[in-house]
Amino acid sequence: MTGHEEQGGAGRRVGRRSRALKIVGLTLAGVMTLGIAGAGWVYWHLNDNIKSVDINSALGDDRPAKAVTTPTAEPSASASPLPTASINILVLGSDSRSGKENKKLGGGSSSGARSDTAMVVHVDAGRTSATIVSIPRDTLVTRPSCPLSSGGSTSVAYNAMFNSAYSVGGAVCAVKTVESITGVRMDHYLEIDFSGFAKLVDALGGVTVTTDQDIDDADSHLHLKKGTHHLDGTQALALARTRHGIGDGSDLGRIGLQQKLVKALLDRIASISLLTNPGKLYEVADAVTSSLTTDTGLDSLSELMRLGQSLKGLTSDHTKTVMMPVVTAPSDHNRVIAKEPAASKLWESLR
């Protein structure tokens, strides 16, 4: 074999290696492009899941004043620090009973959506401790006049059930009613669809809850013995809806179960490492965003992530759950009213 032939063979080998490297390079470039496009699609999809209501524009300035906070440090020029100021969030659980799927999940026979759960979440300055105050849906209140998206406004209603605010005026009226009876400005609004809540629990792999008594509720389809149980999404949703199988069958007993669920969710989220499991992280994020309606201050994935990051030091051990103090309403023994002055003192502590 001549030197020319050897050189030609080497040239062909170099050429093949060059082509092979080019193919590998193009393949990697393609994978990276697809990965970036996929990440972009995931962000768009999760962002598009979120529904919002412009509560600030609807209510204007006729609201309690915002809390005045003092910055703990000068903001960095290179990065925006996470917020540390105290914050109040109205969290509503909206429950639809219509359709076969919701009935399978323990829904009743009525149609439409209702705000069966209302919690004022107050996070203290520093955002490592919180107080969650449940407002019974059967509380009789003075419901203020609320603007309607179709134009006009609702009339003031006296001795109205608290959850009627959502029924007549949606999120805007729910926020205005809560601010009216508490004197506390709601910085944000989060509405969680109960069916989406079941999907979230399943995405997290279930939650562990300890019940203090047997539960036997034909309406919510939940039957549990007293003790500790690991619940899937359907069971957790049934627990959130249960009222007839415990205590006196009123909404007050159900609130205790719902507060147990909130703490169980906090514990579950803290116990699993979502960041090391992209598939699980996406499943949880998809379940959360697809079940949420927020105010316009939280209606993007980046804003929700920023809120979540600011709360990363909050655990169930530093979360206190209470119910607004109430007494039986003199006008109707099946309803309650705020117990004074205890209720006013509680709201004062959250301002």
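The values are calculated or read from the model by the stated rules, or taken from the named source; none is laboratory data. The structure displayed is predicted, hence computed values, not measured ones. Positions of Cβ are backbone-derived with ideal geometry, glycine not excepted, and every protein chain shown enters the neighbour counts. Note: areas computed on protein heavy atoms with side chains; ligands, DNA, RNA excluded. Shrake-Rupley method; radii C 1.70, N 1.55, O 1.52, S 1.80 Å.
List of remarks:
- Every Cα-Cα pair of region 191-281 was included, and the share exceeding 18 Å stands at 42 percent.
- Across region 122-168, C-alpha contacts under 8 Å between residues 6 or more apart give a mean separation that, scaled by the residue count, equals a relative contact order of 32 percent.
- Amide H contacts for Val326 (H built 1.01 Å from N in the peptide plane; partners 5 or more residues away or on another chain; cut-off under 5 Å): Lys339.
- Relative contact order for region 116-202: 19 percent, from Cα pairs under 8 Å spaced at least 6 residues apart, divided by residue count.
- Rounded to the nearest 0.05, the FRET efficiency derived from the C-beta distance between Glu303 and Asp267 at R0 = 35 Å is 0.90.
- Built amide H within the under 5 Å cut-off of Ala125, gap 5+: Ser86
- The mean accessible area for residues of region 285-351, using a 1.4 Å probe and ignoring ligands and nucleic acids, is 54 Å² per residue.
- Kirkwood Rh and Cα Rg combined as Rg over Rh, evaluated for region 220-351: 1.01
- Debye log10 I(q)/I(0) at q = 0.25 Å⁻¹ for region 114-182, Cα point scatterers: -1.05
- Theoretical FRET efficiency, 1/(1+(r/R0)^6), r = Cβ-Cβ of Ser80 and Asp214, R0 51 Å, to 0.05: 0.50
- Near the amide H of Asp116, within less than 5 Å, lie the amide hydrogens of Gly93, Asp95, all on another chain or at least 5 residues away, with H placed in the peptide plane.
- Value of Rg to Rh for region 127-282 (Rh from inverse mean 1/r over Cα pairs, i.e. Kirkwood): 1.02
- Principal semi-axes in Å for region 282-351 [√(5λ), Cα gyration tensor, largest first]: 34, 17, 13
- For the residue pairs Lys176/Lys263; Lys260/Lys345; Lys225/Lys263; Lys51/Lys339, the C-alpha atoms sit more than 31 angstrom apart in Lys51/Lys339.
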